[in-house]
Each structure stands twice: as structure tokens, then as C-alpha cells.
Amino acid sequence: MPERKLFQIKYLHLITGIIVFIVFVITGRFMRWDFPDKEIIPPEFRILMRSRHIYILFSALLHLLLGVYLQIFPKIWRKSLQILGSVLLISASGFLIWGFVHETYFAKTFSDISRWGIYLSLAGGGFHLIGGLFAKNERQ
């Protein structure tokens, strides 16, 4: 993959982070509009909504951090792990947003959607960690 395209992965994370942060703000507004009487909502459902909402913020912050600090390393195995990690993190954002919408508005209970979003975030972050670990002398 050409170096220019790899450099654009950094900006892909930055743009994704901004978009997901905007989704976080919008989902917060939805929670206020659709559930104004917090006291009458069962506590389990309130925890479900809030946790799913915070997961979206978590995902946005991961992307923003990578958008600012990501450095793709030249060794092919490191580069491959970083690209795989980025794909998994972007997929995780989709799962976490889908999980918020599905679990809050349709299922009104826990499902595996958000769980898989968290697992994908963990895997993506892990691949970035392994790909960048001990790579100080390999900077481009």
C-alpha cells in the first residue's frame, strides 16, 4: 500500500472520531427528548442507555487519539497489524452505534451487539498496541 494512502489512515481516524463524537452528542439529545422522566425509567434500562451512550464516546475518543498520534511503521508485519486494528476499530464504532439504537429503542434490553463492539475495540486496540510496541527505532 503506498505511503500516502497509509498516511490517510490517520485522517480517516480523525474524521471518524469527529463523526462518532457528533453521534455521541446526538444520542445524548435523543435520550433527553425521548426519555425526559428519568425517575420513572427502570434503573436497569437507564444503566443500559447510559452505558451504550458512553461506549460511543469511548469509540470517538479512540479514533481521535489515533487521528492525532498514529504513525504507520515501515515493517510489513507492523503495518498489517495497524491496518487490521484500524479496520476493527472502525467496525466497532458501527457496532456500538447500532447497539445503542437497537438496545435502547427496539429491544429495550441487553443484546450482543454492543458486546461485539467492545470486543472489536479491544482487538483493534490490541493490534495497534502490538504493531507499535518497541518500534521507536523504526519511525518513518
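Since every read-out is calculated from the coordinates, none of them should be taken as a lab result. Because the structure is predicted, anything quoted here is derived from the model rather than measured. Cβ sites come from the backbone with ideal geometry, for glycine too, and all protein chains shown count toward neighbours.
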Checklist entry - Of everything in region 48-89 that's in a helix (DSSP H, G or I) and of a type in the set (Val, Ile, Thr), which residue is surrounded by the most Cβ atoms within 10 Å (Cβ to Cβ)? => result ILE56
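Let's see how each residue does on (1) farther than 24 Å from LYS79 by Cα; (2) of a type outside the set (Asp, Glu); (3) in contact (Cβ under 8 Å) with a residue 12 or more places away in the chain:
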residue: ILE90; (1), (2), (3): no, yes, yes
residue: SER93; (1), (2), (3): no, yes, yes
residue: LEU96; (1), (2), (3): yes, yes, yes
residue: PHE106; (1), (2), (3): yes, yes, no
residue: SER111; (1), (2), (3): yes, yes, yes
residue: ILE118; (1), (2), (3): no, yes, yes
residue: LEU122; (1), (2), (3): no, yes, no
residue: GLY125; (1), (2), (3): no, yes, yes
residue: GLY132; (1), (2), (3): no, yes, yes
Checklist entry - Restricted to region 93-140, and to residues that are among the charged types (D, E, K, R) and part of a helix (DSSP H, G or I), which residue is surrounded by the most Cβ atoms within 10 Å (Cβ to Cβ)? => result GLU103
Checklist entry - Does any residue of region 23-44 turn out to be loosely packed, with under 14 Cβ neighbours inside 10 Å, among the aromatic types (Phe, Trp, Tyr) and closer than 25 Å to GLY126 by Cα? => result no
